[in-house]
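Student: Dropping the structure in here first, questions after.
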Amino acid sequence: KTTVGRDVCLYFSKEMNQRSKTQLRMEGQLHRAIERGELFLEYQPVVDMSTGRISSFEALIRWRHPELGLVTPDNFIPMAENAGLIESIGDWVLENACRQLKAWQTRGHDHLSMAINLSPVQLRKAELAENIVSIVEQTGISPGSLTIEITESALIQNLDTAVSIIDRLSSVGIRVSLDDFGTGYSSLSYLKRFPIDIVKIDRSFLQDFPSHAHDTAIISAIIAMAHSLGLHVIAEGVETEEQLKVLQNLKCDEIQGYLFSRPISREQATALLSSPSNI
Ligand code: C2E
Ligand code: CA
Ligand code: CA
Ligand code: CA
């Protein structure tokens, strides 16, 4: 028994050691990823239901790892948060997304806007607000064409600092969107005390929708309440025509999802913006 215990113990510590080594190596690599140009953005279109045209893009980060290939954000953002790298990555995302938006606006897509995701860790530092405002000024986009996406739980976790940040952003005209809405525990009427402009219904509600009556009822209620509070509603993760129809009937303002387009490269996005279907 003792032998087994020791073996198990040895096995575990070896395993953990192995994992932390990999982890540390990845962290070091992530550190250099920005300088080496291994990070890049993809853009997923958000479509206005009333016009059928692209109203904005959501910038989504990716890492082209030299050995591992494409690494998705769920696999490195948490690491960046733990390793103290999320601020510099966040700044990199903001600068690049705003610069890209400026380029598209200059080419004639002047009403286009850009949405950027913020990590809950970034929302713990009040300086973030000034940082964002100065990036907007430097890139020359109008503040109203930038939307900051924060999750409901990130807002609640860091209430004081997060609220001071979104107050400041909102005061200069930057829009604030509540991401993954419906997965947290707060109510919309409570959140209305904060300067929020947009609600993004989490895609988990659309997974079995519209076949699940419950999900349809929840989505319907979120849209109705958001509208009564003067908020704009985006449904994300729209994959089927059937979902689109129901969302149209429920008067959802905008949709995002594989049905219209997956996240795409800058070049593909540029082409899509000028395609006949978008004019
Ligand atoms: P999110 O903000 O909820 O982004 C939406 C995710 O859903 C994206 O995954 C997108 O590719 C995916 N998606 C969009 N439409 C569909 C659909 O129709 N069906 C399905 N199954 N999925 C769809 P992605 O790009 O892997 O990003 C995952 C998460 O990583 C994001 O979730 C966001 O929380 C985070 N993230 C992405 N970029 C950044 C960034 O620049 N900074 C920070 N802090 N987080 C980021
Ligand atoms: Ca998002
Ligand atoms: Ca989301
Ligand atoms: Ca999410």
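Student: Is there any pair with a first residue in the range 169-198 that is farther than 21 Å from Ser145 by Cβ and without any contact (Cβ under 8 Å) to a residue 60 or more places away in the chain and a second that is assigned to a loop (DSSP other than H, G, I, E, B) and away from ligand 1 (no atom under 16 Å from the Cβ) whose Cβ atoms are under 6 Å apart and which are 6 or more apart or on different chains, and what are they?
Tutor: Lys192/Leu229
Student: Out of Pro78, Pro120, I need the residue that is in a helix (DSSP H, G or I) and closer than 24 Å to Gln256 by Cβ. Which one? Lay out the reasoning, then the answer.
Tutor: Numbers: Pro120 fails: in a helix (DSSP H, G or I).
The conditions single out Pro78.
Student: Would you mind stating whether Thr139 is surrounded by fewer than 21 Cβ atoms within 10 Å (Cβ to Cβ), over 18 Å from Gly184 (Cβ atoms), of a type outside the set (A, V, I, L, M) and without any contact (Cβ under 8 Å) to a residue 60 or more places away in the chain? Walk me through how you get there before you give the answer.
Tutor: Values: surrounded by fewer than 21 Cβ atoms within 10 Å (Cβ to Cβ): yes; over 18 Å from Gly184 (Cβ atoms): yes; of a type outside the set (A, V, I, L, M): yes; without any contact (Cβ under 8 Å) to a residue 60 or more places away in the chain: yes.
Yes: the conditions hold for Thr139.
Student: Considering each of Ala217, Ala235, Ala224 in turn, give the residue that is within 16 Å of ligand 2 (Cβ to nearest atom) and aliphatic (A, V, I, L, M).
Tutor: Ala235
Student: Counting just the residues of the range 145-173 that are farther than 20 Å from Lys192 by Cβ and touching a strand residue (DSSP E or B) at 6+ places or on another chain (Cβ under 8 Å), which one comes out surrounded by the most Cβ atoms within 10 Å (Cβ to Cβ)?
Tutor: Leu146
Student: Evaluate the range 157-164: report whether one residue or more is assigned to a helix (DSSP H, G or I) and either within 16 Å of ligand 4 (Cβ to nearest atom) or under 21 Å from Trp92 (Cα atoms) (or both). Even if it seems obvious, please write down each step before you answer.
Tutor: We begin by selecting, within the range 157-164, every residue assigned to a helix (DSSP H, G or I); these are 157, 159-164.
After this cut, where a residue has to be either within 16 Å of ligand 4 (Cβ to nearest atom) or under 21 Å from Trp92 (Cα atoms) (or both) as well, the list is 157, 162.
Looking through the range 157-164, at least one residue is assigned to a helix (DSSP H, G or I) and either within 16 Å of ligand 4 (Cβ to nearest atom) or under 21 Å from Trp92 (Cα atoms) (or both).
Student: List the residue pairs whose Cβ atoms are under 8 Å apart, where the first residue sits in the range 205-232 and is modelled with pLDDT of 85 or more, the second is of a type in the set (Lys, Arg), and the two are 6 or more positions apart or on different chains.
Tutor: From residues that are modelled with pLDDT of 85 or more, the pairs are Ile223/Lys251; His227/Lys251; Leu229/Lys192; Leu231/Lys192.
Student: Is the range 251-259 home to any residue that is modelled with pLDDT under 95 and over 27 Å from Leu101 (Cβ atoms)? Reasoning before the result, please.
Tutor: First, the residues of the range 251-259 that are modelled with pLDDT under 95: none.
No; the residues of the range 251-259 include none that is modelled with pLDDT under 95 and over 27 Å from Leu101 (Cβ atoms).
Student: While we're looking at this one, here's another question. Please enumerate the residues belonging to the range 174-193 that are away from ligand 2 (no atom under 16 Å from the Cβ) and touching a strand residue (DSSP E or B) at 6+ places or on another chain (Cβ under 8 Å).
Tutor: Leu188, Leu191
Student: In the range 142-156, which residues are in contact (Cβ under 8 Å) with a residue 40 or more places away in the chain and either outside any strand (DSSP E or B) or touching a Cys at 6+ places or on another chain (Cβ under 9 Å) (or both)? Quick ask: steps written out before the conclusion?
Tutor: Keep residues of the range 142-156 that are in contact (Cβ under 8 Å) with a residue 40 or more places away in the chain, which gives 145-147, 149.
Scanning the range 142-156 gives Ser145, Leu146.
Student: While we're here: Considering only the range 236-247, I want to know if a residue exists there that is within 16 Å of ligand 3 (Cβ to nearest atom), in contact (Cβ under 8 Å) with a residue 40 or more places away in the chain, closer than 30 Å to Arg193 by Cβ and touching a strand residue (DSSP E or B) at 6+ places or on another chain (Cβ under 8 Å). I'd like the intermediate steps shown before the answer.
Tutor: Going residue by residue through the range 236-247, those that are within 16 Å of ligand 3 (Cβ to nearest atom) are 236-239, 243, 247.
When the remaining residues are screened for being in contact (Cβ under 8 Å) with a residue 40 or more places away in the chain, the result is 247.
Subset that is closer than 30 Å to Arg193 by Cβ: 247.
Then drop every residue that is not touching a strand residue (DSSP E or B) at 6+ places or on another chain (Cβ under 8 Å), which leaves 247.
So far as the range 236-247 goes, yes, one or more of its residues are within 16 Å of ligand 3 (Cβ to nearest atom), in contact (Cβ under 8 Å) with a residue 40 or more places away in the chain, closer than 30 Å to Arg193 by Cβ and touching a strand residue (DSSP E or B) at 6+ places or on another chain (Cβ under 8 Å).
Student: Of the residues in the range 91-139, how many are among the hydroxyl-bearing types (Ser, Thr, Tyr) and under 30 Å from Ile279 (Cα atoms)?
Tutor: Just the residues of the range 91-139 that are among the hydroxyl-bearing types (Ser, Thr, Tyr), to begin with: 106, 113, 119, 134, 139.
Those still in the list that are under 30 Å from Ile279 (Cα atoms) too: 106, 113, 139.
Summing the residues that are among the hydroxyl-bearing types (Ser, Thr, Tyr) and under 30 Å from Ile279 (Cα atoms) in the range 91-139 gives 3.
Student: May I pose another question? What number of residues within the range 61-78 satisfy the criterion of being modelled with pLDDT of 95 or more, of a type in the set (A, V, I, L, M, F, W, C) and surrounded by fewer than 18 Cβ atoms within 10 Å (Cβ to Cβ)?
Tutor: 1
Student: Further, regarding this structure: Among the numbered criteria (1) within 14 Å of ligand 2 (Cβ to nearest atom); (2) out of contact with any Phe, Trp or Tyr (no Cβ under 6 Å at 6 or more places or on another chain), which one does Val199 miss?
Tutor: For Val199, the exception is condition (2).
The values are calculated or read from the model by the stated rules, or taken from the named source; none is laboratory data. Predicted model only: the values in this text are computed from it and were never measured. Note: ideal-geometry Cβ built from the backbone for every residue, glycine included; neighbour counts use all protein chains shown.
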